[in-house]
Amino acid sequence: MSYRLIFAPLVLALLTATPFLAGLSARAGDTVVVFPFELLDSSQEGEFVPKVRPEETKRLSLLTEDLARRLSGTKAFEIVPIGELAAAIRDAAPLHKCNGCEVDLAKKSGAKYAMLGLVQKFSDTLLSVSIQVVDAQTGGVTSYSAGVQGNTDEAWLRGVSYLVRNRLITEGTAP
């Protein structure tokens, strides 16, 4: 039996139970730059073929757009466009491994917060959608995750929808 079959559900359960760090103190109208979602493929296929599938690349863009749209539809955050930072973001990618470069990028954009999205793929049926909110002034990080089943647009979007409704925005206010 593979160690993934034993540990993946345990890790997923821990990730979805609670935020990693508490204390995000956003106020209505705070600015946020939403960075593109990234994929961490820790599935068996990902070990042998470390390339993102075209449909997954499309889904990552879909999630980024959906997150920005959902946040802009609330009064909790004002979205700062990436604009001129696009090249710097591509150069720094993957942001989940850049050792805090998102803080500098958020400061350059003028945003109070940086929001990073990550989809971790354990298999084609077991994935985790995570959103990290980084305070550009203090470097403080608050992370939220949701487990999703299925490698489809609908499943991935359901993860983002859940995180926005139940973790990022609760009762119409920022956490």
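The values are calculated or read from the model by the stated rules, or taken from the named source; none is laboratory data. Everything quoted here is computed from the prediction, not taken from an experiment. Virtual Cβ from ideal backbone geometry, glycine too; neighbours counted across all protein chains shown.
The set of residues in the range 137-153 that are under 16 Å from the mean Cα position of the chain (by Cα) and free of Cβ contacts under 8 Å to residues at least 60 places away in the same chain contains only 148.
May I ask you to say which residue of 78, 65 is charged (D, E, K, R), at pLDDT 85 or above and closer than 15 Å to residue 113 by Cα? Step through it out loud before you land on a result.
Details: 65 fails: closer than 15 Å to residue 113 by Cα.
After ruling out the rest, the residue left standing is 78.
Looking only at residues in the range 55-111 that are hydrophobic (A, V, I, L, M, F, W, C) and exposed (fewer than 12 other Cβ atoms within 10 Å of the Cβ), the one that is farthest from residue 35 (Cα to Cα) is 87. Confirm whether residue 110 is touching a residue at least 60 places away in the same chain (Cβ under 8 Å), on the phi > 0 side of the Ramachandran plot and in contact with a strand residue (DSSP E or B) (Cβ under 7 Å, 6 or more places away or on another chain). The answer is yes for residue 110.
Filter the range 141-161 down to the residues that are out of contact with any strand residue (DSSP E or B) (no Cβ under 7 Å at 6 or more places or on another chain) and of a type in the set (Gly, Ala, Ser) and list them by number. Talk me through it step by step, then tell me what you get.
In the first step, residues of the range 141-161 are kept if they are out of contact with any strand residue (DSSP E or B) (no Cβ under 7 Å at 6 or more places or on another chain); the result is 150, 152-154, 157, 161.
Within the range 141-161, 150, 161 qualify.
Once the range 117-163 is narrowed to residues that are β-branched (Val, Ile, Thr) and closer than 22 Å to residue 57 by Cβ, the residue that is surrounded by the fewest Cβ atoms within 10 Å (Cβ to Cβ) is 125. From the residues in the range 39-55 that are in a helix (DSSP H, G or I) and out of contact with any helix residue (DSSP H, G or I) (no Cβ under 9 Å at 6 or more places or on another chain), which one is modelled with the highest pLDDT? Only one residue tops the list, namely 54.
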